[in-house]
Amino acid sequence: MSSKLKPVLAILGGSMLAFQALASHAQAPSATVSEPTYADIADLADSSGMVVLAQVKKLLRVKDERAPGLAPGYGRYYVEAQTKSLLTGSAPLGESVKYLVDLPLDSRGKPPKLKKTDVFLFARSVPGRPDELQLVTPTAQRPWTEAGEARLRGILKSLVSPDAPAVITGVRELFYVPGTLAGQGETQIFLKTKDSSAASITVRHHPGTPPAWGVSFSELVANVGHPPERNTLAWYRLACFLPNSPPSDANVSDGYAAKKQAEADYRMVLGDLGVCERNLS
């Protein structure tokens with residue numbers, strides 16, 4: 001082994017233990033790399049302690065036998081990069097950083113050419129080591145683009161906003177109450193959240209018009225008729241985390257017809273939200 005590489009691999013050995021813990025919980029990525037969707041970037045940003053813009057300076061391939069959890073078609077690399085800016089996070093950060101990342105390999109077994117390119121790093125800090133990072137997933141490095149930075153900054157701004165939508169963990173209760181006129185009524189869907197804050201969906205029926213719905217992430221009444229726009233944080237919280245159907249014991253509507261209407265309204269909301277598309281594993 002080259003004497004020049006020994007100090008690098010000594011540092012790398014300590015980093016690999018932390019990286020292995022992250023890799024063991026991550027789904028194996030596909031070697032076919034697709035453009036990330038809004039949900040992909042929101043997933044990464046929401047799980048990161050810090051998001052760093054850096055420029056790659058050096059890559060060193062880690063032997064596959066020293067890369068537990070490595071997916072087929074990928075290589076693990078030790079990277080040294082120059083810090084350009086900290087987009088979010090408060091942990092101390094060095095002028096340069098070291099980290100491990102899994103990169104897709106081409107038909108010749110080569111990774112993308114990344115030296116001197118800018119990348120976003122979705123990471124956690126290493127306590128006591130401001131010059132080391134742990135990526136939140138083995139592949140949580142994304143190439144910089146102007147459009148990508150604009151989208152990322154928008155997501156980060158939404159995440160740190162005082163009125164940011166809470167993380168949805170399920171459906172607590174739903175019920176339909178018919179109105180005084182035929183075709184009139186309202187379904188309330190109360191949601192479970194990670195921080196136990198209030199969140200609810202309201203669906204209203206009026207004779208002669210399609211049902212309308214809205215969501216509230218507070219104690220205030222939902223703004224019915226104005227559902228969240230696609231590729232916003234509120235949309236992401238609902239479209240990507242609401243279950244396909246609520247628990248059977250959550251529907252507390254009075255009577256068979258009311259229960260069926262509440263279920264139909266729930267399905268309508270899911271249909272309006274659309275599919276939460278993800279291209280990254």
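The values are calculated or read from the model by the stated rules, or taken from the named source; none is laboratory data. Predicted, not measured: the structure shown is a model, and the values here were computed from it. Cβ sites come from the backbone with ideal geometry, for glycine too, and all protein chains shown count toward neighbours.
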message = Out of L181, L280, I need the residue that is under 27 Å from R151 (Cβ atoms), among the aliphatic types (A, V, I, L, M), at pLDDT below 95 and not assigned by TED's automatic domain parsing to the domain that holds R142. Which one?
response = L280
task = Kindly provide the set of residues from region 57-80 that are within 24 Å of the chain's Cα centre (by Cα) and assigned to a strand (DSSP E or B), ordered by number.
result = Y74, G75, R76, Y77, V79
task = Among the residues of region 89-103, write down those that are within 24 Å of the chain's Cα centre (by Cα) and at pLDDT below 95.
result = G89, S90, A91, P92, L93
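Quick check on my filter: what residues within region 224-251 are over 18 Å from the mean Cα position of the chain (by Cα) and surrounded by 14 or more Cβ atoms within 10 Å (Cβ to Cβ)? Before you say what the answer is, go through the steps one by one.
Let us first name the residues in region 224-251 that are over 18 Å from the mean Cα position of the chain (by Cα), namely 224-227, 244-251.
Within region 224-251, V224, P227, P246, A250, N251 meet the criteria.
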note = Q261 vs (1) farther than 30 Å from R151 by Cβ; (2) part of a loop (DSSP other than H, G, I, E, B); (3) touching a Gly at 6+ places or on another chain (Cβ under 8 Å); (4) of a type in the set (S, T, N, Q): all pass except (2)
inquiry  = Quick check on my filter: what residues within region 239-281 are farther than 30 Å from A182 by Cβ and in contact with a Pro (Cβ under 9 Å, 6 or more places away or on another chain)?
reply    = A239, R278, N279, L280, S281
query = Can you name every residue in region 137-155 that is part of a helix (DSSP H, G or I) and of a type in the set (G, A, S)?
reply = A147, G148, A150, G154
ask   = Which numbered condition trips up E219, out of (1) closer than 22 Å to D43 by Cβ; (2) of a type in the set (D, E, K, R); (3) part of a loop (DSSP other than H, G, I, E, B)?
value = (1)
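Of these, R267, R204, which one is part of a helix (DSSP H, G or I), over 25 Å from I41 (Cβ atoms) and without any contact (Cβ under 8 Å) to a residue 60 or more places away in the chain? Full working, then the answer.
Working: R204 fails: part of a helix (DSSP H, G or I).
Step by step, each of R267, R204 is checked, and only R267 is part of a helix (DSSP H, G or I), over 25 Å from I41 (Cβ atoms) and without any contact (Cβ under 8 Å) to a residue 60 or more places away in the chain.
Matching residues to (1) under 24 Å from R230 (Cβ atoms); (2) of a type in the set (V, I, T); (3) in the same structural domain as Y77 (by TED's automatic domain parsing); (4) free of Cβ contacts under 8 Å to residues at least 12 places away in the same chain:
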| site | (1), (2), (3), (4) |
| --- | --- |
| L133 | no, no, yes, no |
| A150 | yes, no, yes, yes |
| T187 | yes, yes, no, no |
| S200 | yes, no, no, no |
| G208 | no, no, no, no |
| P211 | yes, no, no, no |
Residue in region 77-90 that is touching a Pro at 6+ places or on another chain (Cβ under 8 Å), surrounded by 15 or more Cβ atoms within 10 Å (Cβ to Cβ) and either in the same structural domain as L133 (by TED's automatic domain parsing) or more than 20 Å from P127 (Cβ to Cβ) (or both) present = yes
key: Some residue of region 92-104 being over 14 Å from L121 (Cβ atoms), free of Cβ contacts under 8 Å to residues at least 40 places away in the same chain and either aromatic (F, W, Y) or out of contact with any Ser or Thr (no Cβ under 7 Å at 6 or more places or on another chain) (or both)   = yes
query = Could you say whether any residue in region 231-246 is farther than 25 Å from A39 by Cβ and either in a loop (DSSP other than H, G, I, E, B) or not β-branched (V, I, T) (or both)?
reply = no
inquiry  = Residues to consider are D131, D195; find the one that is over 14 Å from the mean Cα position of the chain (by Cα), over 24 Å from G255 (Cα atoms) and either of a type in the set (S, T, Y) or in a strand (DSSP E or B) (or both).
reply    = D131
Those residues of region 94-118 which are in contact with a Pro (Cβ under 6 Å, 6 or more places away or on another chain) and surrounded by 17 or more Cβ atoms within 10 Å (Cβ to Cβ), in sequence order = D102, L103
